[in-house]
Amino acid sequence: MTKLSPQSGFSGFSGFSGFSGFSGFSGFSGFSGFSGFSGFGDPGTPLMADAFIRNRDGIVGSWSPPGDTPINLAIDDPQNLDRWGPEVRSYVFDFEVHSRLAFSENAAPSAYKRMSVWHMKFANGTATAPSPSAAGLPLVDISRPDEAAFKKQLEFLETYADLRPDRASEILAEMGGGMAFLSSIAYLNSDRTKWTIELIATVLRLARHVEMRFKHALASRRALEYSPQVQPMIATPTHGSYPSGHSTETFSAAVVLGQLLYELGSASPINKQYKDHSWREQLMRLASRVAINRTVAGVHFPVDSACGAVLGMTLGQYLVCRCRGTGTYFPFYFDGMKFPDTTAPQPNGDFFWTDLYDTSIIPSATQYPQKETSYATKIPGGPQDVTGDSSPILRELWDRAMREWT
């Protein structure tokens with residue numbers, strides 16, 4: 001699959017490359033091949049520039065003042081999204097999401113450095129004090145395993161290396177992103193679900209920005225730095241190992257798309273099949289397979305995937321709340337030193353998505369499918385309510401994605 005990305009891409013989903021491609025999604029190619037006015041030539045070439053000059057000289061005639069003038073569009077109206085190109089919209093969506101995030105070291109007592117992402121909940125200013133105020137709500141905390149924990153997990157990379165011949169085509173296809181694989185579960189196509197695709201692209205860019213900040217802060221070495229026998233089957237990325245970007249991004253996309261499908265099934269009789277939890281289960285299985293394939297390839301430890309899964313699930317639910325303008329998300333803490341959970345149903349030290357998510361649970365204000373383990377726990381304080389701190393622009397994106405399926 002080729003790269004997808006405004007704003008330097010999706011990490012393991014390596015790029016939305018200026019929206020100039022999505023090809024893997026039935027050739028999103030410059031958004032439906034608009035490039036060069038679809039066959040009218042590229043207006044940026046010297047030949048076309050000269051042709052435009054000569055054409056104007058031949059037809060413009062004498063200057064006459066215009067008659068009626070266009071009326072300016074409404075200020076900050078979400079309906080104006082129709083008038084912009086997809087790359088421009090991506091910047092607007094990203095500002096709405098990223099401008100509410102903050103990153104810091106957590107001051108909570110801990111034996112290990114604990115890094116945190118916060119949602120900054122704004123309160124509008126007043127006539128006498130126009131500056132808005134903000135309070136930080138917990139979103140995700142992560143602490144790092146020590147060297148001994150990473151070293152022990154090398155055993156999984158050695159065992160999984162035997163699967164490389166069987167998984168090679170998948171691993172190579174997933175290097176550029178897992179979007180095409182999502183479309184094999186949900187009926188995604190740029191001609192019929194462009195707003196859903198832009199919604200997924202938004203959560204993938206959110207995941208990439210957050211994961212990269214954690215990767216920098218936690219600065220974990222890659223597997224090939226521990227042993228010369230790892231010998232990955234693909235080039236090792238040039239950023240830290242923990243958390244896994246592929247895991248973060250695929251799980252965040254799975255949560256958002258799964259929630260969208262569930263709400264479609266609940267709201268419309270013609271889409272009632274999507275209420276069944278099997279859709280979300282398949283999306284979770286896909287995310288898990290993409291994450292595990294990175295261990296097979298030799299570039300990630302199971303703990304990287306587990307941490308990425310918790311981060312992605314949390315960010316996915318957070319974006320759903322921001323888009324819907326209501327609801328709560330549960331903030332989570334991933335303690336790398338407590339992975340694996342020795343009391344889990346499969347306590348062998350590997351990564352299992354079923355330890356972290358229960359697709360049979362229907363999301364609500366008081367419960368959410370994301371599960372607690374010894375290493376992934378809800379941050380005290382209860383669910384965080386973002387109602388009242390909504391974004392009309394993100395709400396419009398969600399609503400348009402919903403409407404195009406009905």
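The values are calculated or read from the model by the stated rules, or taken from the named source; none is laboratory data. Everything numeric in this text was worked out from a predicted model, so none of it was measured. For neighbour counting, all protein chains shown are included, and Cβ atoms are generated from backbone atoms with ideal geometry for every residue, glycine included. Note: accessible area is taken over every heavy atom of the protein model, side chains too, but ligands, DNA and RNA are not part of it. Shrake-Rupley method; radii C 1.70, N 1.55, O 1.52, S 1.80 Å.
Once you put a point 7 Å from the Cα of residue 224 and another 7 Å from the Cα of residue 385, both along the Cβ direction, what distance in nm separates them?
Once both label points are built, they end up 5.1 nm from each other.
Quick one: with all protein chains in place, what share of the accessible area of the chain is carbon or sulfur, to the nearest percent (1.4 Å probe)?
55
For residue 114, list long-range residues whose amide hydrogen, built 1.01 Å from N in the peptide plane, is under 5 Å from its own amide hydrogen.
106
Calculate the spin-label point distance for residue 53 paired with residue 169, positioning each point 7 Å from the Cα along the beta-carbon direction, and give it in nanometres.
Going from the residue 169 label point to the residue 53 one covers 5.4 nm.
Within the set of other residues whose C-beta is less than 13 Å from the C-beta of residue 390, count the net charge using Lys and Arg as +1 and Asp and Glu as -1.
On the way: positive: 100, 121, 322, 324, 395; negative: 96, 385, 389, 396, 399.
Charge balance near residue 390 sits at 0.
Where the centre of each part is set by its Cα atoms, how far does region 75-115 sit from region 141-184, in angstrom?
So the two Cα centres are separated by 28 Å.
Please give every one of the aspartates and glutamates within straight-line cross-link reach of residue 152, meaning a C-alpha to C-alpha distance under 16 Å, and leave out same-chain neighbours fewer than 8 residues apart.
Residue 152 reaches 225, 304, 341, 350.
Just to verify a number: FRET efficiency for residue 60 and residue 187, C-beta to C-beta distance, R0 = 35 Å, to 0.05? List each step's numbers first, then the result.
Details: r = 48 Å, r/R0 = 1.37.
Efficiency, from the Cβ-Cβ distance: 0.15.
Along region 300-305, what does the Karplus equation 6.51 cos²θ - 1.76 cosθ + 1.60 (θ = phi - 60°) give for ³J(HN,Hα), rounded to whole Hz, x for Gly and Pro?
Running phi through 6.51 cos²θ - 1.76 cosθ + 1.60 with θ = phi - 60° gives 9, 8, x, 5, 4, 5 Hz.
Using the heavy atoms of the protein chains alone and a 1.4 angstrom probe, what is the accessible area of region 203-324 per residue in square angstrom? Walk me through the numbers before you get to the answer.
Numbers: 3620 Å² over 122 residues.
Using a 1.4 Å probe on heavy atoms only, each residue of region 203-324 averages 30 Å².
Is the C-alpha gyration tensor of region 50-117 telling us rounded, prolate or oblate? Criteria: a/c under 1.5 is rounded; beyond that, a/b larger than b/c is prolate, otherwise oblate.
Since a/c reaches 1.5 and a/b is larger than b/c, the shape of region 50-117 is classed as prolate.
Give a residue-ordered list of calculated ³J(HN,Hα) values for region 53-58 (Karplus: 6.51 cos²θ - 1.76 cosθ + 1.60, θ = phi - 60°; whole Hz; x for Gly, Pro).
4, 5, 4, 5, 4, x
Over the chain, what is the relative contact order in whole percent, taking alpha-carbon pairs under 8 Å and six or more residues apart? Please list the in-between numbers first.
Numbers: 717 pairs, mean separation 71.4, N = 406.
With pairs under 8 Å counted, the relative contact order is 18 percent.
Given H placed 1.01 Å from N in the peptide plane, which residues other than close sequence neighbours of residue 101 have an amide H under 5 Å from its amide H?
Those lying under 5 Å, H to H, from residue 101 are 120.
Classify region 139-202 as rounded, prolate or oblate from the Cα gyration tensor: take a ≥ b ≥ c as the square roots of its eigenvalues, call it rounded if a/c is under 1.5, otherwise prolate when a/b beats b/c and oblate if not.
Numbers: a/c = 4.55, a/b = 1.60, b/c = 2.85.
Oblate.
Arrange the peptides 192-204, 377-389, 51-63 so that the one whose residues have, on average, the most other Cβ atoms within 10 Å appears first. Before the final figure, lay out each step's value.
Values: 192-204: 23.1, 377-389: 14.9, 51-63: 8.5.
Highest to lowest by the protection proxy: 192-204, 377-389, 51-63.
Please say if region 182-235 is rounded, prolate or oblate, where rounded means a/c under 1.5 for a ≥ b ≥ c the square roots of the C-alpha gyration tensor eigenvalues, and otherwise the choice is prolate for a/b larger than b/c and oblate otherwise? Don't jump to the answer; show the numbers that get you there.
Details: a/c = 5.34, a/b = 1.94, b/c = 2.76.
Oblate.
Can you tell which of 128, 373, 69 shows the greatest fluctuation in a Gaussian network model of the chain with Cα springs below 10 Å?
Result: 69 has the largest fluctuation of those listed.
Between 293, 124, 80, find the one with the highest GNM mean-square fluctuation for the chain; connect C-alpha pairs within less than 10 Å.
124
Once amide H atoms are placed 1.01 Å from N in the peptide plane, what residues at a sequence separation of 5 or more from residue 391, or on another chain, have their amide H within under 5 Å of its amide H?
The list, which skips near neighbours in sequence, is 325.
What is the gain in length, in nm to one decimal, between residue 158 and residue 75 on full extension, counting 0.36 nm per residue of separation less the C-alpha to C-alpha distance?
On the way: separation 83, 0.36 × 83 = 29.88 nm, distance 5.81 nm.
Gain on extension, residue 158 to residue 75, equals 24.1 nm.
Past 22 Å, Cα to Cα: identify those pairs from 275/371; 272/378; 338/378, in the order given.
Numbers: 275/371 20 Å; 272/378 32 Å; 338/378 14 Å.
Pairs exceeding 22 Å: 272/378.
By the scheme Lys and Arg +1, Asp and Glu -1, what is the net charge of all other residues having a beta-carbon under 15 Å from that of residue 107? Each step should come with its number before you reach the end.
On the way: positive: 113, 114; negative: 105, 141.
So the environment of residue 107 carries a net charge of 0.
Grab the other residues whose beta carbon is less than 15 angstrom from that of residue 281, score K and R as +1, D and E as -1, and report the net.
On the way: positive: 275, 280, 285, 289, 371; negative: 276, 355, 358.
Net of charged neighbours comes to +2.
I need the phi-derived Karplus couplings for region 90-103: 6.51 cos²θ - 1.76 cosθ + 1.60, θ = phi - 60°, integer Hz, Gly and Pro marked x.
Each residue of region 90-103 in turn: 4, 5, 5, 4, 5, 4, 4, 7, 6, 5, 9, 10, 9, 10 Hz.
Using a 10 angstrom cutoff on alpha carbons, build the Gaussian network for the chain and name the most mobile of 162, 76, 68.
68
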